[in-house]
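FYI, it's all coordinate maths here, none of it is from the lab. As the structure is a prediction and not an experimental result, all values here were calculated from the model. Ideal geometry is used to build each Cβ from the backbone, glycine not excepted, and the neighbour counts take in all protein chains shown.
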Amino acid sequence: MHSAPAVFGAGAAIGVLGGVIGLGGAEFHLPLLIGLFGFAALSAVILNKAMSLVMVLVALPARLAAVPAVDVAARWPVAVNLLAGRLLGAWAGASWDRGGGAGRPSRW
């Protein structure tokens, strides 16, 4: 079991790194969750996604203040096609990881 201050400190470090490079820090969650805090890979991925969703929702108002929604909306074809490609790619990647069969990947 890790102390709350140590876990908070790790989160703060991720926040600083993410802030410096302009990202939310999700790139740094998985190594810490798995390596430092001992999460199983699938549990770490699920928690990472949940934390990323919270970060996106919190950051959205500030981002929209910096870049007006109308400017973002003007580029909707790029966003929709990028999202569609990511969804299809994620589905294909998950299918390949399972070897085309049903159920959870064997390594998790």
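A simple charge model with +1 on the Cβ of Lys and Arg, -1 on the Cβ of Asp and Glu and nothing else charged puts the dipole of the chain at about 240 debye relative to its Cα centre. In order along the stretch 41-56, the Karplus-derived 3J(HN,Hα) couplings, from 6.51 cos²θ - 1.76 cosθ + 1.60 at θ = phi - 60°, round to 4, 5, 4, 5, 5, 5, 5, 4, 5, 4, 5, 5, 4, 4, 4, 5 Hz, and Gly and Pro are given as x.
Using a Förster distance of 22 Å, how high is the FRET efficiency between residue 80 and residue 47, based on the Cβ-Cβ distance and rounded to 0.05? For residue 80 and residue 47, the calculated efficiency is 0.20.
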